Amino acid sequence: MNSRIQIAVAVIIAAVSFSVGRAATWDVDPAHTAAQFSVRHLMISNVRGEFGKVSGKVTFDGSDVSTVAVDVTIDATSIDTREPKRDEHLRSPDFLDVTKHPMITFRSRRAKPAGPGKFELIGDLTIHGVTKEVTLDVNGPTPAITDPWGNVKVGAVATTKISRKEFGLQWNATLETGGVVVGDEVTITIDVELTKKKEDGETPPS
């Protein structure tokens, strides 16, 4: 093999390797993504709600979960617990204080495998202007599929538990029985659908 052919082969191999290992960008599909939460009420039941407006992006090389990087923003004003008066209270300075802190954000720092089809995502969660490191337990990502409009999609579900008091959400009231109206522990579940961002010049699959 002459030197020109060797150089050409080396260039092709390098290009293929770069293409395979290069991280792709995936946009959060807000129409098919839900940020949900659950918190104890009156020590006897759980109140559930969700935030209707979620945006952000994920980068991932497609094979190594340690390459996953996440940057997500949740509109705190979009909280919905199916009770308007309660939602108004949750938006008030007693809780989220959305006038001063309209956004909830999560930015990942690192990710590590946690078993087949699972990984842990560690990052900074900011609520009510307070930032704490949290660990999300993630199931996924699912195998990629192509929707009827040529968009490449994957999904994942992430869960974690936080103390609302650690984020400055201190309001409560004591019951006559000695309990409290609102529990401290909040369970968070994010069910996300991602759309692969098309690169310049890339055409949708047929």
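Quick look at the values:
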read-out	value
Unique match (being basic (Lys, Arg) and within 20 Å of Leu90 (Cα to Cα)) among Lys161, Lys118, Lys112	Lys161
Residue within the range 35-45 that is touching a strand residue (DSSP E or B) at 6+ places or on another chain (Cβ under 6 Å), among the small types (Gly, Ala, Ser) and over 20 Å from Glu166 (Cβ atoms) present	no
The range 61-80 - residue that is touching a Leu at 6+ places or on another chain (Cβ under 9 Å) and under 21 Å from Thr105 (Cβ atoms) and, of those, surrounded by the fewest Cβ atoms within 10 Å (Cβ to Cβ)	Thr77
Among the candidates Asp71, Asp27, residue that is touching a Lys or Arg at 6+ places or on another chain (Cβ under 7 Å), of a type in the set (D, E, K, R) and farther than 23 Å from Gly168 by Cα	Asp27
Counted residues, the range 139-152 - those being touching a residue at least 24 places away in the same chain (Cβ under 8 Å) and within 21 Å of Ser108 (Cα to Cα)	1
Near pairs, Cβ below 8 angstrom, 6+ apart or cross-chain, from the range 110-132 (over 25 Å from Arg164 (Cβ atoms)) to any residue that is among the basic types (Lys, Arg)	Phe119/Lys112
Number of the condition not met by Gly179 [criteria: (1) of a type outside the set (A, V, I, L, M, F, W, C); (2) surrounded by 12 or more Cβ atoms within 10 Å (Cβ to Cβ); (3) over 17 Å from Val65 (Cα atoms); (4) at pLDDT 95 or above]	(4)
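The values are calculated or read from the model by the stated rules, or taken from the named source; none is laboratory data. Keep in mind the model is a prediction, meaning the values are calculated, not measured. Every residue, glycine as well, gets a Cβ built from its backbone with ideal geometry; the counts of neighbours run over all protein chains shown.
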